[in-house]
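What follows is a single structure, written as structure tokens, with notes after it.
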Amino acid sequence: MKTRLRTALLSLSALLAATPALAEPLADADRKAILAEVDRGSPAMARNALQIWSWAEVGFQETKSAGLLQKDLKAAGFKVTAGVAGMPTAFIASYKYGDGPVIGILAEYDALPGLAQAAGPERHVIDGIAGHACGHNLFGAASVAAAIATKNWMVAHGIKGELRVYGAPAEEGGSGKVFLVRSGLTKDVSAMLHWHAGDGYSAMQGHALANVSAKFRFHGLASHAAAAPERGRSALDGVEAMDNMVNMMREHVPQETRIHYVITDGGKAPNVVPDTAEVYYYVRHPDQQQVADIMERVRKAAEGAALGTGTTVEYDQIGGTFDLLPNDTLGHMMYDNLKQVPLPTYTAEEQAFIDKIATTLPKGGRKQASGVAPYSSGEIMSASTDVGDVSYTTPTAGLSTGTWVPGTPPHSWQAVAASGTSVGTKGAEVASKTLALTAAQLFQSPETLAAAKKELDERRGADFVYHSLLGDKAPSLDYRKAPAAKN
């Protein structure tokens, strides 16, 4: 991100972070009623979260996970539209009564390849191709539970407006929410709410890293690696030459840049010159234009590698997400509601699990979170999310709750383990309650919604026009499947 732009964003964030929330707090009776609704639904939420954890379906293949959440929403009286925006596992669930604001809640449910792990405090690999190492099983289940509780409160009190749940697949690299935004399915939303699994309790509103991801497929000529190597052209050589050039390029990119890759196909046998090979790249940076420019340099490295190794290369962009745009008007409301929710207490068995996991973390993890972190805004986080595109087109706010043992890094076996236990579901219940309280408050706070929209307009600029980093590319529905073998 340009220094001047970053300074302006951080200054604006600091100014807005100090601005008090506009809305009056929920009445005690309303707050108690909503918390009671979430409590009634918590056993079902926990069952759903653990069931989705056990399925551990990867991006765009979450058929059972999406189906389970849709089933509960339909049973609760929501109208569900499945397969939206060209994604079979995406859905929108809607409850509407009269004219009023549209409040959206995001739900995720995809798992990460690898890290299939038992729900215990020690590393224990189990059969499976994936694990919920980012807690999206909790994310999806708790968001749905929050929506059902909010809807029941709306019905009981005749609250006008529309409540929507956006079932968003393939957050991990597939950019599912980008296609929802690009299709115009979020354009009339007054405010969008989301949350994420974590190792503490926070309603911090920060910036994420913009991200472009792509697969580079090299094609060469197969041959016997010993008897006729001169007749072959190794596709793997192309991948390795590209990787070497990109690794040298790291010295000559802005220091905030993150570049990572995995070789997803490197051949099948050492004595066969590979005629196909594939490498999967992520490029991240706080600024959208910078990340696009750096990925273009990576593409040039791939072309040079192909030229130098006598191979050819195909470029297949998989994902492209904006940075995350904070909204402090909504963030303050989220923070105030989070502070109203009791934090979990743990049984002796749960505490033993926490203590044991802590010994496996770097430096023994950190101390148990004692409460909600102070409100902050404007920090640049070292991760990416497709919520970024939503946040540039709709006022958006999120929170994180303690579903993992303090000190747990995302995308780790420890995160998988906790996400499959009651430690995880208790943290998710806090998220569900906070989302429900915030949604209910927003239905009664037109002045806050107007202020949140004004803040969005000011942050993104008067001349902003949304253009996806994916262009008009269709969803890469097979991006988690292994490269097809050639006959």
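The values are calculated or read from the model by the stated rules, or taken from the named source; none is laboratory data. Predicted, not measured: the structure shown is a model, and the values here were computed from it. Note that each Cβ is placed from the backbone with ideal geometry, even for glycine, and that neighbours are counted across all protein chains shown. Only protein heavy atoms, including side chains, enter the accessible area calculation; ligands, DNA and RNA are left aside. Shrake-Rupley method; radii C 1.70, N 1.55, O 1.52, S 1.80 Å.
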What is the chain's relative contact order, in percent, from Cα pairs under 8 angstrom and six or more apart in sequence?
-> 24
Alpha-carbon Rg with Dmax, taken over segment 74-226, Å | 19.7, 78
Put one equal scatterer on each alpha carbon of segment 259-415, apply the Debye formula with no solvent term, and list log10 I(q)/I(0) at q = 0.09, 0.14, 0.16, 0.20 1/Å to two decimals.
-> -0.53, -0.96, -1.07, -1.28
Hey, can you grab everything whose amide H is under 5 Å from the amide H of Thr276? Only 5+ residues off in sequence or another chain; H modelled, so Pro and N-termini drop out.
-> Gly220, Ala235
The whole-number value in µm²/s of the Stokes-Einstein translational diffusion coefficient for segment 60-134, with Rh from the Kirkwood sum over alpha carbon pairs at 37 °C and 0.692 mPa s, is 223
Using alpha-carbon positions, the gyration tensor of segment 123-184 gives root eigenvalues a ≥ b ≥ c; with a/c under 1.5 called rounded, otherwise prolate if a/b exceeds b/c, else oblate, the class is oblate
Which FRET efficiency, nearest 0.05, do Lys454 and Lys187 yield, Cβ-Cβ r, R0 25 Å?
-> 0.90
Using only C-alpha atoms and all pairs of different ones, pull out the Kirkwood radius for segment 19-116 in Å with one decimal.
-> 16.0
Suppose every K and R has +1 on its Cβ and every D and E has -1 on its Cβ; what is the size of the dipole of the chain about the Cα centre, in Debye to the nearest 20?
-> 320
To the nearest 10 degrees, how steep is helix 288-309 against the longest Cα principal axis of the chain, on a 0 to 90 scale?
-> 20
Amide proton proximity set for Gln117, modelled H, under 5 Å, gap of 5+ = Ile126
How big is the antiparallel share of DSSP beta bridges in the chain, given as a percent to the nearest 5?
-> 70
Inter-part gap, Cα centre of segment 312-339 to Cα centre of segment 385-400, in whole angstrom, is 4
Gly198 long-range amide H proximity, modeled H, under 5 Å | Thr401, Thr403, Trp404
The Kirkwood hydrodynamic radius of segment 148-220, taken as the inverse of the mean 1/r over all distinct Cα pairs, in Å, comes to 16.2
Could you run the Karplus curve 6.51 cos²θ - 1.76 cosθ + 1.60 with θ = phi - 60° over segment 232-241 and give me ³J(HN,Hα) per residue in whole Hz, x for Gly and Pro?
-> x, 9, 7, 5, 5, 4, x, 4, 5, 5
Going through Lys32/Lys433; Lys268/Lys481; Lys363/Lys426; Lys215/Lys300; Lys177/Lys433; Lys339/Lys426 one by one, the pairs whose alpha carbons sit over 19 Å apart turn out to be Lys363/Lys426; Lys177/Lys433
Cα gyration tensor shape for segment 356-484, rounded if a/c is under 1.5, else prolate or oblate = oblate
Mean shadow area of segment 262-332, taken as a quarter of the surface of its Cα convex hull (nm²) | 6.8
Share of accessible surface on carbon and sulfur in segment 273-375, whole %, 1.4 Å probe and ligands ignored, is 51
Rg to Rh, two decimals, where segment 354-417 supplies the alpha carbon set and Rh follows Kirkwood = 1.04
Compute the acute angle (0 to 90°) between the alpha-carbon long axis of helix 348-360 and the principal axis of greatest extent of the alpha-carbon atoms of the chain; round to the nearest 10°.
-> 30
In the chain, with Lys and Arg counted as +1 and Asp and Glu as -1 at Cβ, which of these residues, Ser234, Gly83, Phe464, has the Cα nearest the positive end of the dipole, that is, farthest along it?
-> Gly83
In segment 83-185, which trypsin sites (Lys or Arg not before Pro) are in a loop and have at most 16 other Cβ atoms within 10 Å, using DSSP for the loop call?
-> Arg123, Lys160
Any idea what angle helix 63-75 forms with the longest principal axis of the chain, computed on alpha-carbon atoms, 0 to 90 degrees, nearest 10?
-> 20
Which distance in Å, rounded to a whole number, links the C-alpha centroids of segment 43-58 and segment 144-197?
-> 19
Hz values of 3J(HN,Hα) by residue in segment 404-415 - Karplus curve (6.51, -1.76, 1.60), Gly and Pro given as x | 10, 5, x, x, 6, x, x, 6, 10, 5, 5, 5
Quick one: Cα convex hull volume of segment 428-487, Å³ per residue?
-> 177
Vicinal HN-Hα couplings computed from phi for segment 374-380 (Karplus, 6.51 cos²θ - 1.76 cosθ + 1.60; Hz; Gly/Pro x) = x, 5, 8, 8, x, 5, 8
If N is the residue count of the chain, its Cα Rg over 2.2 N^0.38 Å rounds to 1.00
Only Lys, Arg, Asp and Glu count, each charged at its Cβ (+1, +1, -1, -1), so figure out the dipole size of segment 338-487 about its Cα centre, rounded to 20 debye.
-> 420
Segment 380-479: relative contact order in percent, alpha carbon pairs under 8 Å with at least 6 residues between = 28
Taking the Cα centre of segment 64-135 as origin and charging only Cβ (+1 Lys, Arg; -1 Asp, Glu), how large is the dipole, in debye to the nearest 20?
-> 260
May I ask which residue of Ala191, Val262, Val272 lies farthest towards the positive end of the charge dipole of the chain, with charges of +1 (Lys, Arg) and -1 (Asp, Glu) on Cβ and the Cα centre as origin?
-> Ala191
Among the lysines, which fall within straight-line cross-link reach of Lys454, defined as a Cα-Cα distance under 21 Å, with same-chain neighbours fewer than 8 residues apart omitted?
-> Lys187
Give or take rounding to whole Å, what are the principal axis extents of the alpha carbon atoms in segment 158-273, in descending order?
-> 80, 31, 27
Towards the positive end of the charge dipole of segment 321-459, with charges on Cβ (+1 Lys, Arg; -1 Asp, Glu), say which of Ser432, Gln444, Leu324 has the farthest Cα.
-> Ser432
